[in-house]
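Undergrad: Handing you this structure, nothing more for now.
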Amino acid sequence: MDFDVVIVGDFHVAGGTAVLAANEISLMHGAGLRVGLVAIQVSHVKADLPIRGPIRDLINLRKATLVAPDTRQVTAPLAIFENPRCFLARSTNRTRVRATQNVMAVHFPAFNAVGEATFDVGTVTRITSEIGARDLLWAPVSAVVRQSMAPLSHEVTISDWDWPYIVNAAQWKTDRTTSLSGKTPVLGRHSRPSREKWPDTRAEMFKIYPRAAKVRLLGFGHDALNLIGDRIPDAWQVFEFNEISPLQFLGSIDYFVYYHHSHYLEAFSVAILEAMAAGLLPILPKYLEKNYGDAALYPEPGDAFATVRSLHQDWGAYRKRATAGLDFVHERASPAGYLARIDELAGARPKLHAVGIPANPAPAPSEISRTTPRSFDVLVVADMTRTGDIELRIAGEISALAEAGYRVGLLHFPAKPVTRGVSTRIAACVRDGRASVVSPEESVRARLILAFGPHALLTGMEGFKTLSKAAAERIIVVADAVPNYDVEAKSAAISYLFDGHVTWAPTNGWVRTAIERRFPSVPLEAKNWLPVVQSTAAAPINKKRLPVVAGSLPAQLMKSADAQQWNLVPADNLSRPRFLDRCDAVVWYPDPGASEWPDAAIAQAIAGGKLVVLPRKFEPQFGLGATYSGGDRVHATVKRLWSNKVLRTGVARRAKQHASSFYSEQGYRDRLSDLIGKPSHRRDARSISKTRKPNTRPRILFLASNGTGLGHVARLLAIARRLDRDIDPIFATFGHAVDVISQFGYPAHYIPSPIYSDLKTEEWDAWLRLDLQRLIEAYDIKLIVFDGNSPSPGLVDAAHAFSDCKLAWVRRGMWNANSRSSFEQAALFDLIIEPGDLAASRDAGPTAKRRGEVLQVDPIMLLEKRELLSRKEAARRLHLDPRRPTALVQVGSGSNRDIVRLVDSVVVALQRHEQLQIMIAEWSISSNDLSLWQGTTRLKGFPMAQYRNAFDFAVSAAGYNTFHETICYALPTIFLANADPSMDDQVSRARYAQDAEAAFELSEDEVEDIGPFIDLLMNKAARASLVANCRKLKVRNGAAAAAAAIKELVG
Amino acid sequence: MPTPTKSPTPAAPTANREAQRLRVKLQELFRETESIRRALTERNSKIGANSVTISPVGLAARSLRDPDAKALSATTSWWPTRVLPQKSLVPPPGLGALSLPREQNAVVGFIVVGMGAETLERMVQLVSVSQRARMNFIPIFFSSSTDFSSFRRRGYVLEYVTADDVDGGGDRLRYLERKWGVQSTIDLRDASDGSTL
């Protein structure tokens, strides 16, 4: 391969050197030179960095050719070797360079400030020689570098001129007619964020940049943050490297004040030249006077701010003085001067080659003969059924595009036979009118195709022909995982398929590096394709609780004692709707071999100001948005930041600022505007809202699991009754309780329980999901309130299939201590309500250990006392004589115990008392017929509690509702607790009441001994004692509080 | 009615044979119990045994009405909003035919929408009698009654539907048939005397 100039260097490191190289390439290309780039990796940079930034832009625009690493040889009149430190070890790139003139541009001093060599001349000479350099001419970039090289003058040939820099002064022109803020000077600096770029100590830092001064810092990172003690002074404004453009930054300061670590020497800073070009008079360390002469000021660090204040006394004089800087740039860094030096080194003015790069390198789309195809600004192509981070990413981009007025089409490209539906958020985008679905048979044109999930695209090439009806001028393939396929081949196929020019947009540096290394000819977007996210909400409940941490940690750390002090929830669901809202922190430590991670979800957590703790290798990706720590320190890091309010607030503020700079909708719109311009048809901003559903009364689906009794239904009815009339409750039940619900006036639906199916619960669950989705969509449900022990994945998935359908779980306690329970779904609920239990102090079940995640309310009961019928009215309706004593027998539905035997024993004992009227409750959902005993009355229907005053005492099971109603309404009772292990802990409840002398408790085995207890309850004084003791327990009804929480949740 | 399929083969391993033997026993017990229950019910109605059914008094907060439901979004192969599971559910055969192997017998849907309590009970009983006689199908009911006791007592599955669900275009009914693997559906409204059976 022949070039006019070959540049050999490391183009992976961002910073001034890369900017310089880009300027050089651009200038030479403009002069008609063919520039080849031989990329090598710097041995001392451990991070696996990609080529990015301006050099990547130039490669994409074909202003320079990146030589493939397996190219044998390149030739040119001039070879420029950039930076001797790049040549301290053999590179994996084996390309030989043959040039007439070889120049080493020395960008760094040969010795640092403490006299340590920064490179070994012998090694550099040997390595460059192996690459092909002969008679290497060493060209220092400045006087400081030249001075440092003096001891080497006997080993190498040093040029008698300084290597030229390029700064186009016209581009940096800034209006400085007045100071930015009048009497208060604004000082600032721009540099890479690494530690050596900052002063030695915190004291020195604050001496130069006082806490109270208006300071703006571009290139601020964790090193600087650690230096100042984690807290950024209120008067300061900091920006991460590349967060805003240097031009914009320099326009926002009055004084450029730059001091660095004493162990470091600055060679010839581009940032300083840019500051001069922007009309600033830099204030610098003394030793740099050699470089810049009177174009800058050089006070001692401690006097820097005094110098600023002094200069600020006379703004006119300062501006006049600053013109020296501009003169210096013209003289020392002009494009003409650079080209003259190249001309001289190359031996003659280079020939102008017709490089032939069009202004727009994208090939024009071929003619497509179709009848008036629909046109879109952006066509999103992906397997739309994929969930997780890619779903979050795609939906975020669709929303941002739609909000900006772009017309968005969606082309579903399934990777495999359809086994699941379009993912939640994307389906919501269509329902809300943010995007239109495109059929594969439809001819459509787009200005840009965004293709996501490339590893799955075109898999097997099914649908290749039918999908060829979509076309775009430009195609960007968003690569979110390290490719394990042939990127070049896939790129060619995508280009052919959609008739457009393809570039690839990696989502992070690791993906970029992988593509760049293995497929160097594939055009890459200059910047990583960052997600656009909406902010998450602050975690809402229990302000004093331990942090709720979404964690992905190695197993041994998950189990450690510290982790037990967190409310640790698995991070597998990071991208689920509203999951992050309930988290305070995210810790993400993936397996070392992971090839993709949830960029979008982490970005969303950052946008919400959450504490995000990651391994250090993620710092290039998430910058100041996250905190970085080794895996062994992650607990301590979370603890330290969480326990200190000032630090926690600072973290949140920085995270939000990071997000607003890197993940905002505005930033994304700017990105798209750069790519395809403004929206082609100004979309009516109201069109999105027009297509949204009308703002009707919110509807809540109350979903009751099937139980042995009616507890789940009764609690939900209790809550529904207390909701405002502007909310519509709709019920669904797994059990046979439709009649009960209907009697309360609510629409009721029935979904047969899994016990009716001979399949695995998971298979039933897949149908449950569909049944619920139908209800949610048909009734526009905004919230599902589930009452039951085990919310299934199908339930959660159904709700999450609608972005605006929330989830609440009414989870009563007193589970059996040995119950095999799973709480995997708990973290996915927006709200968990624990109805109080009078016997909560005896609760030994698993929910008792999870009260940190719930909202506790008083026991939930269907009725208020005032709603009970009077004795006279109740007796009339039950055909009883109110003057005679009456007993109620209610021992449950009989689903899991022999209630006929129990009732028989009780009735025999009761019938010893001739005056006694006996009523036997038959549960609505029971299969048992309890009309078997002569002289008794079977009582069917609901709610029995309303008829409490008809009874003088009861023999009863101790289920949640019956128990609390019995105690609350002070009905003297003998409890026959159901001790079946599948039940809640009725025995503990019954014993609690007996211990409080508010009731009696008998086990099923003791039922034959019930006679004396009944004899006792026939005694009025004994009943009065029990009534009095029931009242002492003061049971309050928590239904209204639960309803209020649910109303708040549904907004 | 579907053609009878082969009866359960006794070639199963010992454990399966034992399970099947227990199913047959439970089935017989249920049939006996059901006979007793029916006799007791008859006796109670004759002697006027007391039974009271209660309902909420002044507690119904709203009028009983179904809020407007909107049409579901379309689902296509190229924009699949709802994808049905590959496996249908298998309804239980009912307590009176517990020995019927589920996988080997046809699932038959019975539409019993709009029937009063007595008619409904009679129709379910007819289906049950027919099933015992034929022992070659498993019923599932599509009912609009809020009283599920006829189904519950016999261990049958029902889907609670409206007349619109079964008459209005049939999407809902088709979905439910697919859900339970129904091979044919018989509308018992057309023959409430059971002649279809």
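Quick note: the coordinates plus some simple rules give every number you see, no bench work behind them. Everything quoted here is computed from the prediction, not taken from an experiment. Cβ atoms come from the backbone with ideal geometry, glycine included; neighbour counts cover every protein chain shown.
Undergrad: Sequence neighbours fewer than 8 away in the same chain don't count; with that in mind, list the lysines whose C-alpha is under 29 Å from A:Lys469.
TA: A:Lys416, A:Lys490, A:Lys678
Undergrad: With the dipole of the range A:835-919 worked out from charges on the C-beta (+1 for Lys and Arg, -1 for Asp and Glu) around the Cα centre, which of A:Leu855, A:Leu869, A:Gly836 lies farthest toward the positive end?
TA: A:Leu869
Undergrad: Now, a different point. Using +1 at the Cβ of each Lys and Arg and -1 at the Cβ of each Asp and Glu in the protein assembly as shown, identify which of A:Trp236, A:Gln604, A:Val891 lies farthest towards the dipole's positive end.
TA: Value: A:Val891.
Undergrad: Can I ask one more? In the range A:171-321, if the dipole is taken from +1 on Lys/Arg beta carbons and -1 on Asp/Glu beta carbons about the Cα centre, which of A:Asn291, A:Tyr259, A:Val186 is farthest to the positive end?
TA: About the Cα centre, the residue reaching furthest to the positive side is A:Val186.
Undergrad: Report the percentage of all Cα-Cα pairs in the range A:106-187 whose separation exceeds 20 Å, rounded to a whole percent.
TA: 52 percent
Undergrad: Quick check for you: which residues of the range B:117-146 have the amide N under 17 Å from the point 7 Å beyond the Cα of B:Val24 toward its beta carbon?
TA: Residues passing the 17 Å test: B:132-136.
Undergrad: Let me ask you something else. Compute the relative contact order of the range A:882-987 as a whole-number percentage, counting only Cα pairs closer than 8 Å that sit 6 or more residues apart in sequence.
TA: 28 percent
Undergrad: Of the beta bridges DSSP finds with both residues in the range A:103-230, what % are antiparallel, to the nearest 5?
TA: Roughly 10 percent of the DSSP beta bridges within the range A:103-230 come out antiparallel.
Undergrad: I've got another one for you. Normalised by the residues of chain A, what does the relative contact order come to in percent, with Cα pairs under 8 Å and at least six apart?
TA: Reported as a whole number, the value is 7 percent.
Undergrad: If you don't mind, there's one more thing I want to ask. What FRET efficiency would be calculated for the residue pair A:Lys1034, B:Thr119, taking the C-beta separation as r and a Förster radius of 56 Å, to the nearest 0.05?
TA: 0.65
Undergrad: For a test of the definition: using alpha carbon positions, the gyration tensor, and the 1.5 limit on a/c, classify the range B:41-176 as rounded, prolate or oblate.
TA: Taking the square roots of the gyration eigenvalues as a ≥ b ≥ c, the range B:41-176 is oblate.
Undergrad: Now for a different question. Give me the net charge of B:Asp147's neighbourhood, meaning all other residues with Cβ under 12 Å from the Cβ of B:Asp147; Lys, Arg count +1, Asp, Glu -1.
TA: 0
Undergrad: If R0 is 41 Å, what FRET efficiency do you get for B:Arg134 and A:His879 from their C-beta distance, rounded to 0.05?
TA: 0.40
Undergrad: According to the square roots a ≥ b ≥ c of the eigenvalues of the Cα gyration tensor, what is the shape class of chain A, taking rounded for a/c under 1.5, prolate for a/b larger than b/c otherwise, and oblate for the remainder?
TA: prolate
Undergrad: Let me ask something else about it. Estimate the FRET efficiency between A:Arg653 and A:Asp632 by the formula 1/(1 + (r/R0)^6), using the beta-carbon distance for r and 30 Å for R0, to the nearest 0.05.
TA: The value I calculate is 0.60.
Undergrad: Further question: Once you charge only the Cβ atoms, +1 for Lys and Arg and -1 for Asp and Glu, what is the size of the charge dipole of chain A about its Cα centre, to the nearest 20 debye?
TA: Rounded to the nearest 20 debye, it is 2220 debye.
Undergrad: At 0.36 nm per residue, and after removing the present C-alpha to C-alpha distance, how many nm does the segment from A:Ala594 to A:Gln856 gain when stretched out fully?
TA: Full-extension gain reported as 90.3 nm.
Undergrad: Next question. Any chance you could run the full-extension gain for A:Thr419 through A:Glu331? It's 0.36 nm times the residue separation minus the Cα-Cα distance, nm to one decimal.
TA: 24.9 nm
Undergrad: Restricting to bridges with both residues inside the protein assembly as shown, how much of the DSSP beta-bridge set is antiparallel, in percent to the nearest 5?
TA: Given both bridge residues lie in the protein assembly as shown, the antiparallel proportion sits at roughly 0 percent.
Undergrad: Now a separate question. What net charge is computed for the residues neighbouring A:Gln657, neighbours being all others with C-beta under 12 Å from the C-beta of A:Gln657, Lys and Arg scored +1, Asp and Glu -1?
TA: +1
Undergrad: Under 20 Å from a point placed 7 Å out from the Cα of A:Lys320 along the Cα-to-Cβ direction: which residues of the range A:145-175 have their backbone N that close?
TA: Only A:175 pass the distance filter.
Undergrad: Please work out whether the range A:163-305 counts as rounded, prolate or oblate from its C-alpha gyration tensor, where a ≥ b ≥ c are the square roots of the eigenvalues and a/c under 1.5 means rounded, while otherwise a/b larger than b/c means prolate and anything else oblate?
TA: In terms of gyration-tensor shape, rounded.
Undergrad: Now for a different question. Just list whichever of A:Lys610/A:Lys806; A:Lys760/A:Lys849; A:Lys760/B:Lys25; A:Lys63/A:Lys610 have alpha carbons separated by over 31 Å in the model shown.
TA: Beyond 31 Å between Cα atoms: A:Lys63/A:Lys610.
Undergrad: Around A:Ala492, with a cut-off of 13 angstrom between Cβ atoms, what is the net charge of the other residues, counting Lys and Arg +1 and Asp and Glu -1?
TA: Overall, the nearby charge balance is -2.
Undergrad: How much length is gained if the chain between A:Asp1009 and A:Ala1021 is pulled fully straight, taking 0.36 nm per residue apart and subtracting their Cα-Cα distance, in nm to one decimal?
TA: My answer for the length gained is 2.2 nm.
Undergrad: Right, something else. What does the helix-only formula give at 222 nm for chain A: each DSSP H stretch with n ≥ 4 adding -39500 (n - 2.57), the total divided by the residues, and the result rounded to the nearest 500 deg cm²/dmol?
TA: Estimated from H runs of four or more residues: -9000 deg cm²/dmol.
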